[in-house]
Amino acid sequence: MARVTVVQSFRLVFLVAALPLLITGVGPAGSTDHPSLVNAGSAFDTAVAIGAGAAFGSLFAWLHVPAGLMLGAALANGVLHLSGFVEGALPAP
């Protein structure tokens, strides 16, 4: 069951993070009306979010919480953003 959770987590990351960037980069030639990544956050914020997500995901998995890897990472990321410790926003459409 843990393998399925990890595979689905990677699938979700690809669909949410990597696929839009890939589509934007491979858009029609000469197109300038693609989303801006200005509000994507700094490298430090990204590193903190990934580290906290990995730590809380591992903790939740160790505690045998159902879907602990995904739930722990989502909870850590939500707390970091709501507290204002890290900043980031989705690109403008």
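Note on residue 42 and residue 3: the model spin-label points, each 7 Å out from Cα along the C-beta direction, lie 4.2 nm apart.
Residues 80, 75 in ascending order of nearby Cβ atoms (within 10 Å, fewest first): 75, 80.
No value in this document is a laboratory result; all are computed from the given coordinates. Predicted model only: the values in this text are computed from it and were never measured. Backbone-built Cβ (ideal geometry, glycine too); neighbour counts: all protein chains shown.
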